[in-house]
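Notes to accompany the following structure.
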Amino acid sequence: MENIGIVHHFGGGVYAKQTMIPAGLILSQHKHAHDHLSLLTSGAVIVSVDGVTSKHTATPNAPVVLTIPAGKLHKVESLTDVVWFCIHATDETDPEKVDHELIEEN
């Protein structure tokens, strides 16, 4: 199985975590203190938010944008190779610290 690839983007108090996820991988369940946007730019996923699942497929001209509410446990299962972004408001700009700043303990 391939490893995921991560690219960090910071600008103007906004953080976008770009994740390249190989087919068949599940990003672990977690939650955040604040709402955030998730953007599927390519591929197909199953998203689970507090146990409610939904399937999403991006096309070249139609990415998928989801709002993940604060305090809701969520996870992403890739059905194909995907590119997935999580977008947060934060002043943290250190890639080594940003997950600690944004992810709450379950």
> Using a 1.4 angstrom probe and counting only protein chains, how large is the accessible area of LYS75 in Å², to 10?
Replying inline: 80
> Put a dot 7 Å past each Cα toward the Cβ at ASP99 and THR67; how far apart are the dots in nm?
Replying inline: 2.7
>> Counting only protein heavy atoms and a 1.4 Å probe, tell me what percentage of region 45-94's accessible area is made up of carbon and sulfur.
In response: 55
> In the chain, what GluC sites (Glu not before Pro) fall in a loop by DSSP, with at most 10 other Cβ atoms inside 10 Å?
Replying inline: GLU96, GLU105
> Could you give the alpha-carbon Rg of the chain over 2.2 N^0.38 Å, rounded to two decimals?
Replying inline: 1.02
>> Need one number: nm distance between label points at HIS34 and ILE6, each 7 Å from Cα along Cα→Cβ, rounded to one decimal.
In response: 1.9
> With the other protein chains left in place, how much accessible area per residue, in square angstrom, belongs to the chain at a 1.4 angstrom probe?
Replying inline: 58
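The values are calculated or read from the model by the stated rules, or taken from the named source; none is laboratory data. Since the model is a prediction, treat every value here as computed from it, not as a measurement. Using ideal geometry, Cβ is built from the backbone for each residue, glycine included, and neighbour counts are taken over all protein chains shown. Surface accessibility is based on the protein's heavy atoms, side chains included, excluding ligands, DNA and RNA. Shrake-Rupley method; radii C 1.70, N 1.55, O 1.52, S 1.80 Å.
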